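Input: a single structure, listed below in structure tokens.
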Amino acid sequence: MIGILFGVLVLAVSVLVAGVRMFRGPNDANRAIAADLLFFSVVGLIALFGVLAMSPPVFDLVLVATLVGFLATLSLARALTRGRR
């Protein structure tokens, strides 16, 4: 229980730091990385709250969100590099 609460605290700090970095980033690449970190930190928070609530449907939501987040990261990286490989 204490480990889960510590994880929530760490992820909450990560959300705050990523939010600040997203708005103050010097260029688009830094903002994209901060937005990605923010998204996955929120997904982690949802997963930990699902563990605390012992709610099985939350894990389906987390699975779908991580797949969508991964695809969004790939497409954003492709857009930032302007299609170059």
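Over the chain, with the other protein chains present, what is the accessible area per residue in square angstrom, probe 1.4 angstrom? Don't jump to the answer; show the numbers that get you there.
Details: 6130 Å² over 85 residues.
Dividing the accessible area of the chain by its residue count gives 72 Å².
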Open item on the list: How far apart, in nanometres, would the label points at M1 and R84 be if each is projected 7 angstrom from Cα along the Cα-to-Cβ direction?
Closed with: 5.5 nm
- [ ] Quick one: what are the phi-derived ³J(HN,Hα) couplings along the stretch 28-44, Karplus 6.51/-1.76/1.60 with θ = phi - 60°, whole Hz, x for glycine and proline?
- [x] 5, 5, 5, 5, 5, 5, 5, 5, 5, 4, 4, 4, 6, 5, 5, 5, x
TODO: Could you state the angle between the C-alpha long axis of helix 2-24 and the longest principal axis of the C-alpha atoms of the chain, as a value from 0 to 90 degrees rounded to the nearest 10?
DONE: 20 degrees
- [ ] State the Cα centre-to-centre distance between the stretch 1-38 and the stretch 42-85 in whole Å.
- [x] 14 Å
Task: Highest-first arrangement of 35-48, 69-82, where packing means the average Cβ count within 10 Å - done: 35-48, 69-82
- [ ] Mind putting together the pair-distance distribution for the chain? All Cα pairs, 5 Å bins, whole percent per bin, short to long.
- [x] 3, 15, 20, 20, 18, 12, 8, 4, 1, 0
- [ ] Using only protein heavy atoms and a 1.4 Å probe, report how much of L16 is accessible, in Å² to the nearest 10.
- [x] 120 Å²
Open item on the list: Can you compute the FRET efficiency between T73 and F49 using 1/(1 + (r/R0)^6), with r the Cβ-Cβ distance and R0 = 22 Å? Round to the nearest 0.05.
Closed with: 0.45
- [ ] Leaving ligands, DNA and RNA out of it, report the carbon-plus-sulfur percent of the accessible area of the chain at a 1.4 Å probe.
- [x] 76 percent
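The values are calculated or read from the model by the stated rules, or taken from the named source; none is laboratory data. Here the structure is a predicted model, which is why all the values come from computation and not from measurement. A quick note on method: Cβ atoms are made from the backbone with ideal geometry, for glycine too, and the neighbour counts reach across all protein chains shown. Each accessible area value is taken on the protein alone, full model and side chains, heavy atoms only, with ligands, DNA and RNA left out. Shrake-Rupley method; radii C 1.70, N 1.55, O 1.52, S 1.80 Å.
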